[in-house]
Amino acid sequence: MCQSLFRKLMDAVGWLLRAHTQLTTQVLSSVHYEHIQMCDDATVSLLCVQMWSQTCTASSDFLSGLSDDSALLLLNEAVGQLAVSSEPAVGGASIRLILLMASQLERRLQLILRSFRGLDSLLDKDWRGRGFDEDVDQLIALIQSGESTECTERVRAACVIQAAWRSFQTRRRVKSLNRAVSTLQKRYRARRRQQQQQKEAQHWEEELKYQVCVRRQQARREFHQKQRQLLQLLPPDQVQSYLQECERRAAVLIQSVWRGFRERRCYNSAHRHTLRCTRTEQQAARTLQRAVRRFLQKRKAPPTPFFWIGQNGLTDTRRAELKRHLEEYIAVHPSSRVCRQECELLHEEVQLLLLSELQRGEQQRREEQRREALLAHTHTQLELLRDAPPLCVVTATDAESFLSPSGPVSAHARDAHNATLQASRLPWWKTLGDTDVVDTSGPAHLQELEVELGGLYVGGS
């Protein structure tokens, strides 16, 4: 009962579309038709495809009157049934619908089929052997013919582009050929001219060398001929003495040349050695002078005091004036982040830290006094050792006079010196918080030091 009603509905829709082709797009894109497409019943899908086939067959102008968008929607409907459904009846009806559209639309359908890539492989894999292989083969051939036509057009377009580019390159090469040929000829002529000049220069040089050799040979020949003529004029008893004199002069000449060469070589080597030594001595003297000047400059320079000690001209009046200026500036330019009470507390804390630093200077002076006492004791012991009698005449009283606590004193002095060095290497701002000062200059400490040094007078009241 439902199928007959649905068939009547589809027939009514087909009759309506045959009379009003412009409603095809609204039907294909309507919500109700989409619900019908989502139905899983094969009969419903078959009735829809048959409705479109009957509409296209009944009116030959139906497909030609559709727009490209409407034709694409209709083709999408048929291809969607091929991809979703597995019923032979639905697949055969969809394939016949596509073939019917191809027979009426021809070129337009081939352009639209390019959007469905892989449709030929889908047909060959899923719909072959279902009873309508001829239709499947016909549709596959139609799709592949469209692809081959597209490939042919692409090849033809590529050939046209290549031909145009090659012709452009050829024309540009022909235009630049004259300039290239002239440049090549110019370079070749310049190269050939340079080679000819080099050959001529080499020829002239060889000719000059040949002329020099010829002239030397001629001069030597003339000299020998003149010497022979002179020998012919001499008496026979003087020929031997003349030859000996010539040999002696030649030997003297050779010896003088060799001695001159040897002396020049010795002089050059000695001169180079002298220059090297002089340069080394000058460099060493400059290094020593630089070090001495730097040492003297450091020695002459006064020690840099702390910035709060030794301020010349800072009297009580000047201090009060500076304090008044500072208070006026603070009153005119108040801080937006720190209140006045916090500033006063910070100022008092800084004053306390400065006071502790001054007290630390007093402690350093006491340590200096202790070191001087230790040095005086050491010098005394050295003088006693220097004036001591020989060991062969030493008595018990003399030995008792040299018994002193020098070992413990030196160890204690070394520990104190190391502690002072470690404290002096610290930054001044790290030592401001250490306010514990040990009194090492009192009478008790002096008595202890005097006992430790063996009765040596240290000083004090």
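The values are calculated or read from the model by the stated rules, or taken from the named source; none is laboratory data. Here the structure is a predicted model, which means the values were calculated and not measured. Cβ: placed from backbone, ideal geometry, glycine included. Neighbour counts: every protein chain shown. We work out accessible area using only protein heavy atoms, side chains counted, and drop any ligands, DNA or RNA first. Shrake-Rupley method; radii C 1.70, N 1.55, O 1.52, S 1.80 Å.
Remark: C-alpha extents of segment 212-312 on the principal axes read 114, 32, 17 Å, sorted largest to smallest.
Ser30 contributes an accessible area of around 40 Å² to the protein surface, as traced by a 1.4 Å probe with all chains present.
Applying 1/(1 + (r/R0)^6) with r as the Cβ-Cβ distance of Leu384 and His417 and R0 = 35 angstrom yields a FRET efficiency of 0.90.
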